[in-house]
Each structure stands twice: as structure tokens, then as C-alpha cells.
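Bear in mind these aren't lab numbers, they're just calculated from the coordinates by the rules spelled out. All figures in this text were calculated on a predicted structure; none of them were measured in a lab. Heads up, the Cβs are rebuilt from the backbone with ideal geometry, glycines too, and the neighbour counts pull from every protein chain shown.
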Amino acid sequence: MRKVLNVGGNSKEVPLSRRFEGWEHVLLDIDPTFNPDVVCDARELATQPAASYDAVYCAHNLEHYYPHDVARVLAGMVHVLKADGFAYIRVPDIEQVMRMAVAKQLDINDVLYESEAGPITVRDVIYGYAVEIERSGNDYYAHKTGFSPKSLRSALNDAGFRWMFTGNAELDATILAFVNKPTLYAEELFGLPRSI
């Protein structure tokens, strides 16, 4: 059975992409409250067993690290991935957030969109969801950096990912990244163009 490591997923109640249906879901999180399978700061991924996972799923977590720590997190992802594995990463797209805020003439405290958790302000996307940070008292929920698709690709490239595919999602930068050439399985799973 293929294994996906969900980095910073908070809880298994939060669904993964449907593409991981039937995979073993291993949750890694710094917060033991929601009983992750592995309690670990993602900056310490390199302490986990090497080449153990077919995929790393990291949704809305990478922005919670300072820029200098992002490189450690991504290097850790490379460390835990099998040679034919991949990383599926989603972060807020700061470029799109800024464009929308300017186009709609929004102030930093204005609501950018409504979510299941409630209204999300421009400030929440840039600095972290204030309601959750205040409720939990946990500073690790704060955003310490931001990404555009270009800057995310650059960080992944610096970490050793050589094959990248950017997805389109409003206000999210989504990238599927491989250290090595994607396998036929991955190409079919994600509908990627066939590599030569």
C-alpha cells in the first residue's frame, strides 16, 4: 500500500486530496492535541526514516515557517520521499491575494472571502488566521512567510525538486513536485503530460 505523509495537517478529520484515496495516511504534526501518528516539528523531518513515503502532502503549512526554515522543511521532504515519490504542496498565493485586495480596494482588516471557519480577512491570509491563533494561544499557527507560484517553485528547486507542475486554484498556489522524473503512475494519477 502506498503511504502519504501529511505534514502539518493538524487532524485526520481534515481530508486529503481525493487522489490519495486508498493510501495509508500518516499524519505528522507538531501539536499532539489531535493525536497525529508522528509528533514532530516539520523542520525536523530529516530525523525521520529516509525514503519512507511515496508522497508528502503539505496543505497550508509551509507558510508557517520563517523563510530560512522553509529550506529545512523542504530538504526534510526530499529526505523522507522514496526516489519515485512526490510532494503535493498548497500555500496561500500572496500574489493573487494582493491583486484581489487592490482590485477590490480592500483594507488589511476587510473580509477577503468566507470559509467554513468564518470570514477570512486580508490580514488572516498574510499573517495567519487570527481567530485560531488567539483561541489556541499557539504562535505556530501564525504565518511567517508567504509565496507566489514563482517563489514556491524557486524554493522547491533549491531543495532538489526538478520536475514541477503548477495547478490553478483561486488564492492558492498548488505545486506537484518530483525530485526525479514522474512515474507513469504519477502521470496517470494527476493527469500530467506524458514525459519523454
### Task
Enumerate the strands (runs of 3 or more DSSP E) found wholly within segment 104-182, keeping only those where 3 or more residues are buried (at least 17 other Cβ atoms within 10 Å of the Cβ) and hydrophobic (A, V, I, L, M, F, W, C).
172-178
### Message
Among the residues of segment 67-75, are any without any contact (Cβ under 8 Å) to a residue 40 or more places away in the chain and of a type in the set (K, R)?
### Response
yes
### Query
(1) within 25 Å of P149 (Cα to Cα); (2) surrounded by 14 or more Cβ atoms within 10 Å (Cβ to Cβ); (3) small (G, A, S): which one isn't true of S52, the others all being true?
(1)
